[in-house]
Structure formats: structure tokens, C-alpha cells
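These notes concern the structure reproduced below.
Please treat every number below as a calculation from the coordinates, not as lab data. Source: prediction; values computed, not measured. Cβ placement follows ideal geometry from the backbone for every residue including glycine, while neighbour counts extend to all protein chains displayed.
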Amino acid sequence: MKGLELRAVAHSRTGDKGDTSNISVIAYRAEDYPRLCAWLTAERVADYFASLLDPSAGPVRRYAVPGVLALNFVLPGILRGGVTRSLALDAHGKSLGSALLDMPWECD
């Protein structure tokens, strides 16, 4: 499955609280979930969004939600002040989930 984007095996949902966004990446198929867990680490997500993250806000955290084939990533500081204070075009961070799904899927 190399050469595809993450969106070939998963979809996403996002949410936000203050300046923190969370992105859930949900596998379409149960057989892809273990590979998703092994490949899509908090470090990989942090590297992918490095130019948007505020390092002083804390690390990206990952939570596995196997009952719904999901990984939930918490990205503190990425919304740069939150919905009411950010000058970002997408202050809610809804496009972050779509951006993450553009990540090249490098898992066999």
C-alpha cells in the first residue's frame, strides 16, 4: 500500500478546546487498524505538523480507541490562541484532519 495517502485507509474527525486541537484518525477496515497503530505515532504526527506546533505548549499525545478503530491525537498549542484569539484562517482547526490524511502512507 505504499505510494498512497493515509486517506486510503482512514478518515478523520477533529475537535478543539482553547488552543488545542484533537484529530481522530479512524481506520476504514479492522485489518488496517494494527498497522495504523504501529505506523502513525505521536512523533510522526508531531513531525508532520512541526511548522504549526508551539513547542512550549507540550508534546503531541496519542490515545488508542480500539473499539472504533481510531487513534486520537491531541495537539496542544496548534491553534495559536484558540478560536477567539487566533489570526489563523481556520481557527477551529477543522482542516488539520484533512491535512493529516494527505500524509504519505508508507506502511506495507
Task: For the stretch 47-61, Karplus couplings with θ = phi - 60° (6.51, -1.76, 1.60), whole Hz, Gly/Pro x - done: 5, 5, 9, 3, 6, 9, 7, 9, x, 6, 7, x, x, 5, 10
TODO: May I have the pair-distance distribution P(r) for the chain, computed from all Cα-Cα distances with 5 Å bins from 0 and rounded to whole percent?
DONE: 2, 13, 24, 25, 17, 11, 6, 1, 0
TODO: About the Cα centre of the chain, how large is the charge dipole given +1 on each Lys and Arg Cβ and -1 on each Asp and Glu Cβ? Please answer in debye to the nearest 20.
DONE: 260
